C-alpha cells in the first residue's frame, strides 16, 4: 500500500451496507437538481417558441432611426435580419375604412411579417404596391377572399387594392374581431397614403441579432454611436427576458426567484447528505482512530473522507442524472399531452445539457460541501480512543442524565438527540427548511391563481364591448344572445367614467361607476376580501370596491352621488375593470343613480356543445361600433399555464416531502446504528424492546418538535411577508393564519417521525444482546 488513500476502495467494500444510504442520498440530490434544471430548460425552450410566435423573434426596436444609421446596422456582422413596420390609426378613432370596417393601416416589409413575426397565415406578402395583406378576421368581418379587389377609404380619397393573403403580427388581438381590420401594405404604398392625407411617417426598425447577449451589448453601442435618443430604443422584453438579458426588473425578478430555488435545493441536498455522512463517520470512529495509530495525520484523514465521498459520486451521480432525465421526460410528457395549450410544443424526449451538467456539478459540489464537517469530525478521533476500544466520539459526561419527568427511556432519547449540538442543529435545519418551503410555495401558488383571470367563475369566452367603453349595447341584445344554442350564461355591465362624488375620504372627487348583474355578484363571492357582498344585491345604498394598492377608498367610507349617499360595505380582490377608482353596485342601484342605460359590455360563456356557428351567430349580432373578442384560446392558454404552475409547484412540494421523510428515516436509522453498542448494553442490563422503541421515538420526536418550532416561526414570518408583498399589496387579500395548512404540516412531520422509528426499533428488538454488543 503506497498511500492511505488506497484504503478507500477496501473500506467501500467492507462498509457497503453502511454506505448504501449515503449513496442513495446523493442519488436523490442529483435526481432533484437534474429534474429541476432539465425541466426548466424544456420550459424555457417552450416559452421561447411560444413568445416568439406571440411577440416576434426580433430583439431591438428603433423608432425612426436616421437612414445612415439604419444602413450601417444592416451591415453589422452580429445582425441576422432587419425589418420595418409602421402603424397608423391603431386606436381606430380616425375615419379610415377597409370596406365597411374601421381600418388600422400598416406599412411593412416581407422580412418583418414572415421572418421576425411569423405573421403570414395564408397567401403571400404583397409584392406590388396595389396589393394588401389583411388580418384573418377580415374573412369574417368582410367575407374577403384572396385575389378579390377591396377599397381602402381615407379622408383624402379611395384606393383599390387586391388581397394577396391573410395574416397579422397581433393574431390574438384580431382573432374573431369584427369591429376593425388590420391592413398590411408595402412601405411605398403606405408612404403614398400618408402623404395624400398629410401625415408624417414614423417608421420602426426591428433588429434580430445572432443571440440575445449580442443584442444586449449593442443597445448602448447604438445609442452612443448614432446619438439616438434613449427613448427611441426599446427591447422585445419577452424574447430578451426568456434569455435572461432583459433590463425589465419584473422579468429579472423571476431569475432571482430561480436563484433562491437553486440555493434552497442545494441547501436541502447538503443537509441531507451531510446528515447521512455524519452518521456514517460516527459508526467508524474506531476505524479512523486505528488509521491515526498507524501514522495517518489529520489532513490525511480529511482527504480520505473527501476522496471516499467523491468515490460514491462515481455511482450515485450517473444514476441520479439518468433518473432525473427520466423524471423530466415524464413531466414534459404530462405537460405536452395532458395540459396542452402553449405546452403542446414542449419537447418530450430531448436531452438537456444544462440539466445534466447542473446535476453532475451540483452533485459533486454538494458532496464536497457535505463532506467538510464529517471529515473534520473524523480527523479529531484520537489514537488513544481506538487503542482503548472506545471508538465513539462522544462529549465528556460530567453528570448522569437527569430523569426530570416521564419515563427514563424518554429522557435518554431526548438526551441522545441534543447531545451532539451540531447534529441536532442540522436535523432541526433540515426539518425547518422543508416547512419553510411548504409555507412559502403555497403563497406563490395563490399568487399565480390571482394573476390568471380565466379562473374567475364569470370569465367570458366571448365579449362584446362598446368602442371606448361607450354604452351602445342594448339590454335586449343579451336576451337574444342567451337564446342561441351553445350559450350557457350571458351577463351585462354598464360603466360610466369620472362620475362626480363627494366622499368622506379626502382627495376623492370622482369615481368610475360599474354595474354588476346578479350573476356577476354571485361569481364575485369567492373574491371577497372584506365586508359582506350580500348588501350589494338589489336596489340598495351599498356599493363595493376593488381593493388594491392604487385604490384610496376603504370599506366603511361613504360617497355621495347627487342626492344619494352610498356606503362602501364590501371589497373584492379583482373585477371586470381594474380601475383604482372603481365603485361597483348592482344593476338596480346603477339605474336609480344614473338612469337606465345600455350596457357597454356583454360577456358570454359557452357550453361544451358550442360550435363555430354559435360564435358566428353572436358575431353577426355585433354592430360596427362594437368590439367582438373571442377569448377562448387565451383562456385555454391561461388555464394550461396555471395547471402547469400548480402541477410543477405541487410536484416540487411532493419532492420536498419525500426528501424530508427520507431524511428523517435515514437520520434516525443511522443514529441508532451509530449507538448500537449502547443499546446492546442497555438490553444487557434489562431494558426491554418497548423501552428501546420509546427511546428511539423520543429522539425522533425531539428532532421533529425542534424543527417544527423553528420552521413554523420562520416559515410563518416569511410566508406572511410574501403574502403581504404579493397578495395584500396587489390584490388587497389580507393575511390569515394558515390553520389548515399548518395542521397538515404538523401531522406530516409527526407521522414521518413516527414512521422513522419503526424500522430501527424492529431491528433492535430482533437482535440478540450479544450481537448488538459485538456489532462493529
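The values are calculated or read from the model by the stated rules, or taken from the named source; none is laboratory data. Keep in mind the model is a prediction, meaning the values are calculated, not measured. With ideal geometry, Cβ positions are generated from the backbone for all residues, glycine too; neighbour counts draw on all protein chains shown.
Quick grid of which residues meet (1) crowded, with 19+ Cβ neighbours inside 10 Å; (2) touching a residue at least 24 places away in the same chain (Cβ under 8 Å):
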{"site": "656", "(1), (2)": "yes, yes"}
{"site": "661", "(1), (2)": "no, yes"}
{"site": "677", "(1), (2)": "no, yes"}
{"site": "690", "(1), (2)": "no, no"}
{"site": "717", "(1), (2)": "no, no"}
{"site": "721", "(1), (2)": "no, no"}
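Yes/no matrix, rows are residues, columns are (1) in the same structural domain as residue 188 (by TED's automatic domain parsing); (2) within 29 Å of residue 623 (Cα to Cα); (3) modelled with pLDDT of 90 or more:
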| position | (1), (2), (3) |
| --- | --- |
| 93 | yes, yes, no |
| 106 | yes, yes, yes |
| 111 | yes, no, yes |
| 125 | yes, no, yes |
Do we find a residue being within 30 Å of residue 665 (Cα to Cα) and in contact with a helix residue (DSSP H, G or I) (Cβ under 7 Å, 6 or more places away or on another chain) anywhere in the stretch 521-532?
-> no
Within the stretch 66-85, identify whether any single residue is surrounded by 18 or more Cβ atoms within 10 Å (Cβ to Cβ) and on the phi > 0 side of the Ramachandran plot, and answer yes or no.
-> no
Look at the stretch 98-115 and say how many of its residues are under 14 Å from residue 183 (Cβ atoms) and either buried (at least 18 other Cβ atoms within 10 Å of the Cβ) or in contact with a helix residue (DSSP H, G or I) (Cβ under 6 Å, 6 or more places away or on another chain) (or both).
-> 10
Per the list (1) touching a residue at least 40 places away in the same chain (Cβ under 8 Å); (2) more than 25 Å from residue 443 (Cα to Cα), residue check on residue 686 breaks on (1)
Residue, surrounded by the fewest Cβ atoms within 10 Å (Cβ to Cβ), within the stretch 501-532, restricted to residues that are closer than 12 Å to residue 575 by Cβ and more than 30 Å from the chain's Cα centre (by Cα) = 512
Residues being surrounded by 19 or more Cβ atoms within 10 Å (Cβ to Cβ) and not in a helix (DSSP H, G or I): count how many of those fall in the stretch 723-737.
-> 2
Going by the structure shown, is residue 139 free of Cβ contacts under 8 Å to residues at least 24 places away in the same chain, under 39 Å from the mean Cα position of the chain (by Cα) and not assigned by TED's automatic domain parsing to the domain that holds residue 618?
-> no
Please specify each residue of the stretch 493-502 satisfying the condition of being assigned to a strand (DSSP E or B) and farther than 13 Å from residue 591 by Cα.
-> 497, 498, 499, 500, 502
So, in the stretch 1-43, of the ones that are over 30 Å from residue 668 (Cβ atoms) and either assigned to a loop (DSSP other than H, G, I, E, B) or modelled with pLDDT under 70 (or both), which residue ends up nearest to the chain's Cα centre (by Cα)?
-> 5
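Regarding the stretch 593-606, can at least one residue be identified that is farther than 30 Å from residue 551 by Cβ and at pLDDT 90 or above?
Within the stretch 593-606, the subset farther than 30 Å from residue 551 by Cβ is 606.
Keeping just the survivors that are at pLDDT 90 or above gives 606.
Yes: the stretch 593-606 contains one or more residues that are farther than 30 Å from residue 551 by Cβ and at pLDDT 90 or above.
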Looking only at the stretch 542-566, which residues are surrounded by fewer than 16 Cβ atoms within 10 Å (Cβ to Cβ) and free of Cβ contacts under 8 Å to residues at least 40 places away in the same chain?
-> 550, 556, 562, 563, 564, 565
Could you identify the single residue in 197, 201 that is surrounded by fewer than 18 Cβ atoms within 10 Å (Cβ to Cβ) and under 28 Å from residue 146 (Cα atoms)?
-> 197
Filter the strands (runs of 3 or more DSSP E) completely within the stretch 540-652 down to those with at least 2 residues that are more than 28 Å from residue 461 (Cα to Cα) and touching a strand residue (DSSP E or B) at 6+ places or on another chain (Cβ under 9 Å).
-> 558-561, 564-572
Of the residues in the stretch 42-65, those that are buried (at least 21 other Cβ atoms within 10 Å of the Cβ) and either closer than 18 Å to residue 648 by Cβ or without any contact (Cβ under 8 Å) to a residue 40 or more places away in the chain (or both) come to 42, 46
Could you tell me whether residue 158 is within 30 Å of residue 469 (Cα to Cα) and surrounded by fewer than 16 Cβ atoms within 10 Å (Cβ to Cβ)?
-> yes
